[in-house]
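**Student:** So that we are looking at the same thing, I have put the structure below in structure tokens.
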Amino acid sequence: MKSIIFLATLGFFGFTHDILSRPNVIYLNADDLGVMDVGFMGSKLYHTPNLDRLANESMVFTDGYAPAANCAPSRAACFSGQWAVRTGVYTVGTSERGDAMDRMLIPTPNRMHLKDEVITIAEEFKKAGYRTAQLGKWHLGEDPTTQGIDINVGGNTRGAPPSYFSPYKNPNLKDGPKGEYLTDRLTDEAITILEKFKDDPFFIYFPFYSIHTPLQGRPDLKKKYKNNKQVHADYAAMIECLDENVGRLMSALDELGLRENTMVLFSSDNGGIRKLSKQDPWRAGKGSYYEGGIRVPITVRWPGVVEAGSTCSVPVTGLDFYPTFLDAIGASPSPGKVLDGRSILPLLTGKSSFPKGRTLYWHFPIYLQNYAGEEDQSRDAKFRTRPGTVLRKGKWKLHEYFEDGALLLFDLENDPGETKNLAQEKPKKLKVLKNDMYAWREQTQSPVPTRRNPKYIPETIKTR
């Protein structure tokens with residue numbers, strides 16, 4: 001096995017890459033799992049021993065980010081390797097969310113799914129000779145098998161399951177015995193696929209539906225939290241079930257002798273829903289571009305290549321997954337393919353340098369209505385997101401909002417909760433970051449809505 005790992009490592013840097021040495025890749029993507037919903041990121045509320053064990057065998061990225069604050073744009077970015085400004089996928093459904101009289105601007109129209117011509121990471125794996133499968137929430141188009149997937153279990157355009165219990169009412173998943181639990185069933189299917197693929201290089205994308213609504217915990221787990229007033233019983237049970245099934249999948253890898261030559265990446269598509277699970281010290285939650293909405297857990301395990309128990313504080317994003325996977329298997333992107341992330345293999349292996357202080361960008365020319373008013377901790381109680389752009393560079397975070405031109409500058413190192421706007425106190429830093437943001441928007445031709453919504457009613461008039 002040492003020789004296999006050695007050949008694979010050489011492949012990262014342009015040397016001969018034997019097809020037998022290329023790693024299998026499993027990409028586990030939880031749904032709505034907040035950065036503070038797992039033990040290895042500091043949570044004491046939820047039971048995640050298997051995820052904690054996986055983290056101890058991995059490199060953990062302490063500053064991991066989703067490419068967007070809700071599911072469809074985040075998944076589209078990870079699978080395309082591109083910012084939403086290139087794909088047009090900014091949100092789920094319409095970009096005109098919330099009450100029309102509260103929206104000052106007409107937002108940029110939203111595309112529901114990736115265009116067929118967008119080359120997904122699954123298509124790159126197929127081109128490289130890999131077998132591919134996906135289990136669970138697809139949400140990127142009508143049919144995963146037209147976007148690079150060989151075997152699809154349960155994936156379609158739906159963003160949430162009708163039920164976590166059989167009968168599932170899912171045309172892409174045969175019903176099991178009445179009461180069978182979806183997360184358990186999908187893991188059974190994943191283990192069957194592992195057995196089928198074990199003699200060939202494979203890419204398995206496993207986007208669990210959990211812990212997205214409807215909140216339906218498995219009864220045996222839910223009863224454990226019945227009297228725990230610190231957590232939502234269904235939510236906690238769904239996290240524990242997710243954890244349990246990640247453990248089952250990792251055990252299957254061991255039993256099939258696949259552990260050593262398989263890269264396992266675990267993450268979530270966006271931050272947790274704050275009204276269900278506070279993400280302190282990070283502000284807000286899903287749908288917001290404060291830290292609680294975009295910070296996610298990210299771990300990467302690859303025995304013999306990635307140091308077990310290591311951590312990395314360099315900010316990384318789901319946009320980096322696509323180029324990292326290509327780098328790991330010694331492949332190049334298809335001709336003409338533009339990638340907006342960067343391979344994090346140098347961070348994983350420690351064998352070459354990684355650019356210091358790169359800027360991360362989020363652009364959201366759309367609206368997302370509130371979940372719980374003031375409890376959401378967004379900029380205002382009516383929306384989790386109003387149109388704007390956000391960037392992070394080093395310890396600095398800059399928000400710009402298009403309706404009123406507000407600029408919010410935060411020092412994440414000293415103010416993780418983004419409570420003190422330093423825009424007035426740090427004019428030089430504000431100018432540098434603002435110029436960076438504007439240059440990026442110009443370079444990417446990011447749409448900035450300016451047309452006033454005729455249905456908008458200012459607060460002063462509403463009050464009168």
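The values are calculated or read from the model by the stated rules, or taken from the named source; none is laboratory data. As the structure is a computational prediction, the values presented were derived from the model and not from experiment. We place every Cβ from the backbone using ideal geometry, glycine too, and count neighbours over all the protein chains shown.
**Student:** Would you confirm whether or not segment 359-374 contains a residue that is within 25 Å of the chain's Cα centre (by Cα), free of Cβ contacts under 8 Å to residues at least 60 places away in the same chain, closer than 30 Å to residue 275 by Cβ and surrounded by 14 or more Cβ atoms within 10 Å (Cβ to Cβ)?
**Tutor:** no
**Student:** Counting only residues that are over 15 Å from residue 203 (Cα atoms) and more than 17 Å from the chain's Cα centre (by Cα), how many does segment 128-154 have?
**Tutor:** 5
**Student:** I've got another one for you. From the residues in segment 418-435 that are touching a residue at least 40 places away in the same chain (Cβ under 8 Å) and buried (at least 17 other Cβ atoms within 10 Å of the Cβ), which one is farthest from residue 288 (Cα to Cα)? Spell out how you get there, then give the answer.
**Tutor:** Of segment 418-435, the ones touching a residue at least 40 places away in the same chain (Cβ under 8 Å) are 418-419, 433.
From the residues that got through so far, the ones that are buried (at least 17 other Cβ atoms within 10 Å of the Cβ) too are 418, 433.
Numbers: 418: 12, 433: 20 Å.
Applying the filter and picking the extreme gives 433.
**Student:** Oh, and also: Assess whether residue 274 counts as being surrounded by 24 or more Cβ atoms within 10 Å (Cβ to Cβ), in contact with a Lys or Arg (Cβ under 8 Å, 6 or more places away or on another chain) and not aliphatic (A, V, I, L, M).
**Tutor:** Values: surrounded by 24 or more Cβ atoms within 10 Å (Cβ to Cβ): yes; in contact with a Lys or Arg (Cβ under 8 Å, 6 or more places away or on another chain): yes; not aliphatic (A, V, I, L, M): yes.
When the stated conditions are applied, residue 274 passes them.
**Student:** Which of the following residues is surrounded by 16 or more Cβ atoms within 10 Å (Cβ to Cβ) and more than 21 Å from the chain's Cα centre (by Cα): 381, 331?
**Tutor:** Values: 381 fails: surrounded by 16 or more Cβ atoms within 10 Å (Cβ to Cβ).
Being surrounded by 16 or more Cβ atoms within 10 Å (Cβ to Cβ) and more than 21 Å from the chain's Cα centre (by Cα) holds for just one of 381, 331, which is 331.
**Student:** Being among the hydrophobic types (A, V, I, L, M, F, W, C), out of contact with any Lys or Arg (no Cβ under 7 Å at 6 or more places or on another chain) and surrounded by 19 or more Cβ atoms within 10 Å (Cβ to Cβ): is that true of residue 190 here? It would help to see each step written out before you state the result.
**Tutor:** Working: among the hydrophobic types (A, V, I, L, M, F, W, C): yes; out of contact with any Lys or Arg (no Cβ under 7 Å at 6 or more places or on another chain): yes; surrounded by 19 or more Cβ atoms within 10 Å (Cβ to Cβ): yes.
Yes; evaluated as a whole, the condition is true for this residue.
**Student:** Here's a follow-up. Is it fair to say residue 251 is touching a helix residue (DSSP H, G or I) at 6+ places or on another chain (Cβ under 7 Å), among the polar types (S, T, N, Q) and either surrounded by fewer than 23 Cβ atoms within 10 Å (Cβ to Cβ) or not assigned by TED's automatic domain parsing to the domain that holds residue 138 (or both)? Spell out how you get there, then give the answer.
**Tutor:** Working: touching a helix residue (DSSP H, G or I) at 6+ places or on another chain (Cβ under 7 Å): no; among the polar types (S, T, N, Q): yes; either surrounded by fewer than 23 Cβ atoms within 10 Å (Cβ to Cβ) or not assigned by TED's automatic domain parsing to the domain that holds residue 138 (or both): yes.
The answer is no for residue 251.
**Student:** Could you check, for segment 230-243, whether at least one of its residues is surrounded by fewer than 20 Cβ atoms within 10 Å (Cβ to Cβ), more than 24 Å from residue 162 (Cβ to Cβ) and in the same structural domain as residue 303 (by TED's automatic domain parsing)?
**Tutor:** yes
**Student:** If you take the residues in segment 388-402 that are out of contact with any Leu (no Cβ under 6 Å at 6 or more places or on another chain) and part of a loop (DSSP other than H, G, I, E, B), which one is surrounded by the most Cβ atoms within 10 Å (Cβ to Cβ)?
**Tutor:** For segment 388-402, the residue satisfying everything is 402.
**Student:** Inspect segment 292-311 for any residue being more than 22 Å from residue 23 (Cβ to Cβ), assigned to a loop (DSSP other than H, G, I, E, B) and assigned by TED's automatic domain parsing to the domain that holds residue 125 and give the result as yes or no.
**Tutor:** The answer is yes; a qualifying residue exists.
**Student:** Pairs only if they're at least six apart or on different chains, beta carbon under 9 angstrom, first in segment 174-203 and at positive phi, second of a type outside the set (S, T, N, Q); list them, first residue then second.
**Tutor:** 179/165; 179/219
**Student:** Looking only at segment 207-229, which residues are of a type in the set (Val, Ile, Thr) and surrounded by fewer than 19 Cβ atoms within 10 Å (Cβ to Cβ)?
**Tutor:** Filtering segment 207-229 for residues of a type in the set (Val, Ile, Thr) gives 211, 213.
The answer is 213, and nothing else.
**Student:** Related question: Would it be correct to say that residue 438 is surrounded by 11 or more Cβ atoms within 10 Å (Cβ to Cβ), outside the structural domain of residue 90 (by TED's automatic domain parsing) and under 16 Å from residue 386 (Cβ atoms)? Write out each step before concluding.
**Tutor:** Values: surrounded by 11 or more Cβ atoms within 10 Å (Cβ to Cβ): yes; outside the structural domain of residue 90 (by TED's automatic domain parsing): yes; under 16 Å from residue 386 (Cβ atoms): no.
No: the conditions fail for residue 438.
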